[in-house]
1. For the stretch 12-160, rounded, prolate or oblate, judged on the Cα gyration tensor with a ≥ b ≥ c (square roots of eigenvalues), a/c < 1.5 rounded, else prolate if a/b > b/c?
2. Treat the count of other C-beta atoms within 10 Å as a stand-in for reagent exposure and order 137, 152, 114, 125 from fewest to most.
3. Determine the gain in length on full extension of the stretch residue 143-residue 20; use 0.36 nm per residue of separation and subtract their C-alpha separation, reporting nm with one decimal.
4. Using a 10 Å cut-off around each Cβ, can you sort 22, 59, 117 from fewest to most neighbouring Cβ atoms?
5. What FRET efficiency, computed as 1/(1 + (r/R0)^6) with R0 = 22 Å and r the Cβ-Cβ distance, is obtained for residue 5 and residue 47, rounded to the nearest 0.05?
6. Give the relative contact order (percent, whole number) for the chain; include only Cα pairs under 8 Å separated by 6+ residues.
7. If amide H atoms are built 1.01 Å from N in the plane of the peptide, which residues on other chains or at least 5 residues away come under 5 Å of the amide H of residue 82?
8. Can you sort 1, 145 by how many other beta carbons sit within 10 Å, fewest first?
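Read the figures in this text as sums done on the coordinates, not as results from a lab. Here the structure is a predicted model, which is why all the values come from computation and not from measurement. Cβ placement follows ideal geometry from the backbone for every residue including glycine, while neighbour counts extend to all protein chains displayed.
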Amino acid sequence: MTEKTFTPTPDQSSAFREALGCFGTGVTVITTNTGNGPRAITVNSFSSVSLNPPLVLWCLAKDSYRFNSFNACKHYSIHVMAEEQQEQALKFARDGLDFSHADWKPDHKGRPQLANCLARFDCQLHAKHEAGDHLILVGEVEHVMHRTGNGLIFKRGQFGGFADLL
């Protein structure tokens with residue numbers, strides 16, 4: 001076991017990313033509707049913020065080619081991906097314009113809703129906060145759906161599942 005210590009400076013960004021990757025997270029796909037059609041982005045920076053009012057957050061990289069679409073959106077859906085949705089999450093990570101591989105339908109506000117996810121949080125934008133090279137988007141949750149099943153996990157650059165204890 002080799003331990004690494006460093007000060008996170010710009011020239012240490014790879015090492016900093018590697019250290020952050022030690023923390024396993026769930027995988028989400030955020031969807032919104034734009035004047036040019038539906039958009040999606042795969043993110044693992046999802047967190048609950050408040051129960052009352054019901055608030056959640058996620059972080060959007062400012063250098064993402066999808067930044068303008070999500071920076072301008074007022075309504076979006078956050079999908080917690082199921083273990084069997086790894087390929088779909090990867091496709092949305094590569095291309096947020098192509099929905100041909102996804103089973104989805106728009107809700108009454110036009111938000112694309114993906115089928116078969118573990119949970120979905122339909123949000124209205126509550127606040128935005130500048131945070132370095134990311135934008136933090138806080139959403140007020142208007143509607144929730146969830147089901148049983150195993151979630152898709154991301155850790156150290158790899159996807160996996162979570163084994164239930166017997």
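1. Working: a/c = 1.30, a/b = 1.14, b/c = 1.13.
Note, shape of the stretch 12-160 comes out rounded.
2. 125, 114, 137, 152
3. Going from the current span to full extension adds 41.2 nm.
4. In order of increasing Cβ crowding within 10 Å: 22, 59, 117.
5. The calculated FRET efficiency here is 0.25.
6. 27
7. 118, 152
8. Ordered by Cβ neighbours within 10 Å, fewest first: 1, 145.
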